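Where a number appears in this text, it was derived from the coordinates with a stated rule and is not lab data. These figures come from a predicted structure and were not determined experimentally. A quick note on method: Cβ atoms are made from the backbone with ideal geometry, for glycine too, and the neighbour counts reach across all protein chains shown.
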Amino acid sequence: MFDFRRSTILETTKDLLSENPALTAFEDVPKSPGQEHYFFLAALSMQLTNKTIIELGTHTGNSAHVLAPTGHIKNTVHFLSFDS
């Protein structure tokens, strides 16, 4: 069962930016939950372990960056981005 309460999202992703300093280069990624969806996606990825995630994204591929494996998470992320 997934837990998407704001408190859980904030707790599970508290080290996301410090563990992945490259994410701070993206203007919208560091914005808090409620302003952008990236911390939600990171929390989803962190609640899945040893899974394959397929991300079909658009534009910059920021979602794939936050879904990517970090530290103890051993997920495989495949992504395909389309730019218009």
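Couple of notes before you dig in:
- Where GluC sites (Glu not before Pro) fall in DSSP loop in the range 9-49, at most 14 other Cβ within 10 Å: Glu27
- Annotation note: chymotrypsin sites (Phe, Trp or Tyr not before Pro) in the range 1-69 located in DSSP loop regions with a Cβ neighbour count of at most 12 within 10 Å are Phe2, Phe4.
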